[in-house]
Each structure stands twice: as C-alpha cells, then as structure tokens.
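S.K.: Here you go, one structure.
The values are calculated or read from the model by the stated rules, or taken from the named source; none is laboratory data. Predicted model, so just to flag it, every value in this text is computed and none were measured. Quick reminder, even Gly has a Cβ in these numbers, built from the backbone with ideal geometry, and neighbours come from all protein chains shown. Just so you know, the surface numbers come from the protein's heavy atoms only, side chains and all, with ligands and any DNA or RNA stripped out. Shrake-Rupley method; radii C 1.70, N 1.55, O 1.52, S 1.80 Å.
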Amino acid sequence: MATTNALSEQSITQIIARLGENKRVRRNLPGWGRIHIDRQLPFLCVYRQPVSREDAGTERLITSQPAYVTASGQKTLASGISQLIEGTAKTMSGAFGGFLIVEIWSGLNDDLPDDNVDNLVILTEPTLRRPAFNIIVPKQSGITETVEVLEKELARLEIRQARADVNVIHSNKLTPPRMPALIPEAVANALGCVTIGIVIRPIFRKLDTGENLPLIHQAMIREFTNALQKAFFTFVRTQTKYRPPHYQMLGRHAMVKAVWTIDKQLSDISTSFDFLLQATPINAHSAWTKFKRQRFQQMPIFRYRPRTVDPALLKRQLWNIHIENVEDPTLQHLFREKRKELDTQISMLGNMNSDKFLYGSMELYGDLNDKIVNTARQLLEKISPHSRDGGGSKSLNAQEFAQVARNQIERYRAEFPDFSAQVYVQNNVTGLVVSHGNLLVGDKSNISASRVEALISHEIGTHIVTYFNGQAQPFKLLFSGLAGYEELQEGLAVLAEYLVGGLSKPRLRLLAARVVAAHSLIDGATFIDTFNLLTNTYRFKQRIAFNIVMRIYRAGGLTKDAVYLRGLVQLLQYLQKKPLADLFFIGKIAIDDIPIMQELQRRKVLQPPRILPHFLNAPATVLRLERLSRGISVIDLIERKNK
C-alpha cells in the first residue's frame, strides 16, 4: 500500500467542530476509509484495514452503524486517526458522561474458537465455517453488563443453521496485531472512554480462495448490527446520562444519497406500469354476453390493454440498480425484496396468456394451503346462496356512487390538502379499481345502498388513504407498495367493511368463492369447469360466477383474489394479540413489515401517518375492534357482525 498524506489538523478541527454542534459528519479519509457520524452518540465503531494482508468485506460489518470510522492501518496515518478519535471521544464524553469504542478486525484461524465438530451437519464444505467471535475487554472496565449483553447477542447469531461460538477475553491488548492503541490509556481514563475489541472469523469469505459469499455476508451484517445495537443500548443506559427508551432509537437517522436514489429507481419502475390494469380484460361485458349466448359452453376470449412498457428493457433497468451500495441492512432488505417482486411482475407481463403467467402468480401471491381452502368451503356451505345484502332494493348507479366517493374525498382533502385523489367513471373497467391513488368506477356498476359505506371504507378509507400516507413519507416505495403488500392491504380493506357494519353475507361468500376458484385453477380445472362449480355446487348466479372466474383466470391465471380472505384471516389472528395500530395505514406495507416500520419510526426515518381513515373514530368501530381482540374467526363474523 502506497504512502498517503496524513489527516490534516484542519480537517480534524472541522470534523470535531461539526460534532460539537451536533451536525452530521460523512467524509472520506486519506488513503482509504471514511468517517460517518449521524449525530452526537456515546459510542463509535472502528475498523482499521491491515497493511500486510487482504481483508475484503470486514469493514461492512460496521458501516450500517450511525457512528463509525474505517481507516487505513498505515503507520503514517496512525497519529491523525488517533487525534480524530480522541477528539470525537472528548466531544461525545462531554455530552453524555461516557463513551464506548468498539474496534473490530478479522482473525486468523488460531485467533478464534475451533469449530464444534459435534455440530457440522451443514458445514461439510471445508471452505464454510461457523461464526465465531472473541470479545476482548480491559481487565478493569466497569462495563460488565454491556459485555454480557454483547456476548449473549453474538452467541445468538446464526448463519446457515450454525450458532456462533463466543469467547470473552480480558486483556490490556485491545488492538489488532501490530497496530497502536486508538487512544492513550491515560487519556481514555480521563475521558471516561472504554474500548472493546471484537475479533471476527470472516466466514463471509471462502477460506481457500478468499472469494466473497454475498448471502452469508448480508446475513452476518444484519445479525452483527443488531447485536452491537443492543450492546450499545445497555452501555448507554448504564454508563451515560442518555436514556433512549428503545435500542432501535440508536440506529441511523440520516440516509445517504444511495438510499434515495435506489428508492426512486425502484418506485419509478413500479409506477411505470399498472400490473393489475394490464392483466384486466377490457371487454368483460361483451365477453359475458357472448358466453351467455353460447350457453356457457365456449371459453370466453378476453382482450387486454396494449402493453405500455417493454419487459426486457424494464428488467435491464431493474438489475442495474446497485442495491448492494446501501449500507443500512434494514433498507437493503426492503429494496431486495421489492426488486425480487418487480422481477416476477415484469416476467408475468411478458408471459400473459400462458402457463408461465400462472406460475408467476403463485410465486407472487403464494400457494393456497388446505386451511384457507377449507375455511372458504365452510363459508360457502354455511352462508345461504339466497342471503342478501339488506337495505331493500335501492341501489346506486356508477355516476351516483362516483359522486358519493367524491364527497368523501373532499372530506379527507379538507384535513390533508395533498389528498388529491380523483374519481373516474370508465367503460373499460369492471367494478371498482384503485389505480395510482385514483378511484376508477366501471360505468355499468350497480351498487346496493347498504354496501356503499363499506365500499367507500374499502377503496378510499384503506387503499387511497394508505397511498397518500405513503406519498407523505420520504420513501416512494411506501405509496407504490413494498413487496407483498397486497395481502395486508386487502385484509385491511375487508376489515374496514366489517368495522363499518357492511361486511354482508353475500360479500363473505364472494371472497370465499374467489379462494375456491383460485384453488380450482391451480388444480388444473378449465374456466368452464370452475364456472360450473360455482353455479351448480355453490349456487352462485351466472353473472356473478362469471365475474369471479374471469378475475381468477384472466391473463393466464391470477390468484391475487385469494388474498382478500387470506388477508382477513391473517388480520383476525393478529388482532387477538395486538391492537390495530396507526402504523397499518402508514403506506402500502406487508404485515411482516410492521416491525421494520416501527424500527424506522424509532430511528426518525419515518413519521406517523398523515391521516387516518374516518371510520376508525366511530364508536361502533371501537366496539367491534374490542370484540375482535377477544378472538373470533371469519365464520364468527357471520353471526356477530350486527351485534
């Protein structure tokens, strides 16, 4: 490694001055490395690159932290790095009354515990090793609780089903081999500064070739980041005057440019096409007329909108997005999952009206297990096919319903001026569709008056509210939709129907029929077979059965409609344990994303939802939610919805 100019006194002074003003610091360092400090914090992670050997990837274990320094281990740079860290420690210790430095380095084989030969089931390849750590602690440090938490959390780290081996070593030698102390011991003692060393077995590289193992590396970063944050939390609570209520509040607040760039790139691709509109027939009414005229014996032919995008070009754009540049493992996970989902959707656009479309649909929306199929069949058997929505024969045509929807949107806009949703009546849409925050109403829609409030709560109170709440957040993916968001979205929307007292028996039968029809499709039944199943076995009216089957068989087979009932069941199970939080309406998210959204809120990356559905404030909603907290099934909703 070539000799490089040392870190200048002026640069050090500028950095320390910014830290003293609680300003973010993010700068490249001479030779190699970077300092990134989000804000004033009582801890710092450090990595010094070895001069005598390659050590690719070790530094990535700390670059997700809100305060880190990575630097070259050249002797000519040591003094400047030491001054920088000493100045940082002095500033932070003065603000918090204590300061912790954690320096990491990768160790050779004899630095770390041997692999446990009794647990090598998945470690048959000699280049794959179990994770291992040595925690090196000063002989007299006074941070016993912090070390215990660090040891416990690192011991929980599991990669490829192999748990980590962890040793705690008490020593006054706290630095990597042949490198000086970061801060003189006397200075550190005077500042109330403690240093811990962590030696890491680099299992994210092949032992024989040094080749990177990216998936293991990603998992290691996530697990190691979490362990460090919990240890920092313990240190902060026991050794400083800072009292954050949750360890995730110590995570990153500021996002680097790469995060916003990638978020925009993924969102732009996501919003460049409307997947559901592309896969929805534009001739549903005429296809029904012809199907009926042919006595339901000929497979209907559906026509679709021309594609507005080239799937091959979109794929190229998608895989040119450098998600690996995102240091934050939480955000990198969200971005990777969204890219995988978009890849499937784009492939499906190119495979419309083929068997491959159905395979993509099953990958996108999941398979149907026996439990949800049996629940659907029970609903169909228990609810009479002659049940009615109630409210007499009064109904609203498309224009009348559209005006009710516009009035409701104006109410939201009065509270939130950026709530710019529009309502359009269209002749190439069947029923109701929300697209890019707007409500599309099929011109032949005829809606029972008793269902109006439920549908308004479903389409506007859920789908459009979450769209504009997502728009108010810094991440564009929150309104275009995180990976797998549909199940929670549709579950919430159907729950909204129940909460306003509008989840009727025919509506539940319809949701159940969608599951049965999707199951029939996956089992290989034809369009006509499934149509006959719904009309003959479950006694649906012919036009209703046609619409159900058309939605399931469109474009080659789209199983999305099964997520309505599945999402409702998922939510009912969740509400037995936890309340319906405002966070559910922060944007278009999956239920598995709730802990991530909580983390990002604690880190002040996300704000609370800008607006909440109006129906949540109704006294009847509060009573129904309290009933759900006691635990009821979908079947129970039939008898209890009006109580």
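S.K.: Pull up all non-local amide H partners of residue 586: gap of 5 or more, or a different chain, and H-to-H distance under 5 Å with H placed in the peptide plane.
M.R.: none
S.K.: What order do you get for 440-449, 415-424, 457-466 when each peptide is scored by the mean count of other beta carbon atoms within 10 Å, highest first?
M.R.: Most protected by this proxy first, the peptides run 457-466, 440-449, 415-424.
S.K.: Report the extension gain between residue 529 and residue 186 in nm, rounded to one decimal, defined as 0.36 nm multiplied by the number of residues separating them, less their alpha carbon distance.
M.R.: In short, 115.2 nm is gained.
S.K.: So, one more: Provide the per-residue ³J(HN,Hα) series for region 33-43, in order, calculated from phi with Karplus coefficients 6.51, -1.76, 1.60 and θ = phi - 60°, each as a whole number of Hz, with x at glycine and proline positions.
M.R.: Computed from phi, the couplings for region 33-43 are x, 7, 10, 9, 10, 5, 5, 5, 9, x, 8 Hz.
S.K.: Give the long-range amide H neighbours of residue 168: residues separated by 5 or more places, or on another chain, with amide H under 5 Å away, using H modelled in the peptide plane at 1.01 Å from N.
M.R.: 135
S.K.: Using a simple spin-label model with points 7 Å from Cα along the Cα→Cβ vector, what separation in nm is obtained for residue 362 and residue 293?
M.R.: That separation, rounded to one decimal, is 3.6 nm.
S.K.: A follow-up question, please. Using square roots of five times the C-alpha gyration tensor eigenvalues, list the equivalent-ellipsoid semi-axes of the chain in whole Å, biggest first.
M.R.: After diagonalising the Cα gyration tensor, the semi-axes are 55, 26, 23 Å.
S.K.: Compare the Cα positions of 518, 615, 532 along the charge dipole of region 486-616 (+1 at Cβ of Lys, Arg; -1 at Cβ of Asp, Glu; about the Cα centre) and return the one farthest towards the positive end.
M.R.: 615
S.K.: Any idea what the relative contact order of region 2-97 is, in percent, if you count C-alpha pairs under 8 Å spaced at least 6 apart?
M.R.: Dividing the mean separation by the residue count of region 2-97 yields 34 percent.
S.K.: Cβ neighbours within 10 Å, averaged per peptide: list 615-625, 352-362 in order, most packed at the top.
M.R.: 352-362, 615-625
S.K.: What does the charge count around residue 613 come to, taking other residues whose C-beta lies under 14 Å from its C-beta (Lys +1, Arg +1, Asp -1, Glu -1)?
M.R.: -2
S.K.: Taking 7 Å along the Cα-to-C-beta vector as the label spot, tell me the residue 222-residue 607 distance in nanometres, rounded to one decimal.
M.R.: 3.0
S.K.: Can you list the lysines whose alpha carbon sits under 19 Å from that of residue 476, skipping same-chain ones fewer than 8 residues off?
M.R.: 257, 264, 338, 340, 588, 604
S.K.: Please list the three semi-axes, largest first and in whole Å, of the ellipsoid equivalent to region 298-429, using sqrt of 5 times the eigenvalues of its alpha carbon gyration tensor.
M.R.: 35, 27, 21
S.K.: Using the alpha carbon gyration tensor of region 568-643, what are the three equivalent-ellipsoid semi-axes (square root of 5 times each eigenvalue), largest first, in whole Å?
M.R.: Values for region 568-643, descending: 26, 15, 9 Å.
S.K.: Here's a follow-up. Residues of region 546-569 with backbone nitrogen within less than 11 Å of a virtual label 7 Å along the Cα-to-Cβ line of residue 369, please, listed as ranges.
M.R.: none
S.K.: For the chain, with every protein chain kept in place, what is the accessible area per residue (1.4 Å probe, Å²)?
M.R.: 44
S.K.: How many percent of the accessible area of region 508-634 is carbon or sulfur, using a 1.4 Å probe?
M.R.: Carbon and sulfur atoms account for 51 percent of the accessible area of region 508-634.
S.K.: Mind checking the full-extension length gain between residue 386 and residue 336? Use 0.36 nm per residue of separation minus the Cα-Cα distance, one decimal, nm.
M.R.: That pair, residue 386 and residue 336, stretches by 13.3 nm at full extension.
S.K.: Further question on the same structure: State to the nearest 20 debye the size of the charge dipole of the chain about its Cα centre, where the only charges are +1 on K and R beta carbons and -1 on D and E beta carbons.
M.R.: 2000
S.K.: Further, regarding this structure: What ranking, highest mean first, results for peptides 303-314, 562-573, 144-155 when packing means the other Cβ atoms within 10 Å averaged over each residue?
M.R.: Output ranking for 303-314, 562-573, 144-155: 562-573, 144-155, 303-314.
S.K.: On a full-extension model of 0.36 nm per residue, what is the gain between residue 161 and residue 378, subtracting their alpha-carbon distance, rounded to one decimal in nm?
M.R.: 74.2 nm
S.K.: Using a Förster distance of 22 Å, how high is the FRET efficiency between residue 18 and residue 258, based on the Cβ-Cβ distance and rounded to 0.05?
M.R.: It comes to 0.55.
S.K.: May I ask you to list the residues of region 579-620 whose amide nitrogen lies under 18 Å from a point 7 Å from Cα along the Cα→beta-carbon direction of residue 237?
M.R.: 599, 602-603
S.K.: For region 157-314, what ratio Rg/Rh do Cα atoms give with a Kirkwood hydrodynamic radius?
M.R.: So for region 157-314, dividing Rg by the Kirkwood Rh gives 1.27.
S.K.: Between region 198-238 and region 588-643, how far is it from one alpha carbon centroid to the other, in angstrom?
M.R.: For region 198-238 versus region 588-643, the Cα centre distance is 36 Å.
S.K.: Return the carbon/sulfur percentage of the accessible area of region 1-106, one whole number, probe 1.4 Å, all protein chains in place.
M.R.: Answer for region 1-106 is 46 percent, counting heavy atoms of protein chains only.
S.K.: Once amide H atoms are placed 1.01 Å from N in the peptide plane, what residues at a sequence separation of 5 or more from residue 395, or on another chain, have their amide H within under 5 Å of its amide H?
M.R.: 449
S.K.: Set the Förster distance to 60 Å, then compute FRET efficiency between residue 422 and residue 140 from the Cβ-Cβ distance, nearest 0.05.
M.R.: 0.30
S.K.: Continuing with the same structure: Run down the lysines and flag those whose C-alpha is under 30 Å from the C-alpha of residue 541, throwing out any fewer than 8 positions away in its chain.
M.R.: Output for residue 541: 290, 292, 371, 382, 394, 444, 505, 560, 641, 643.
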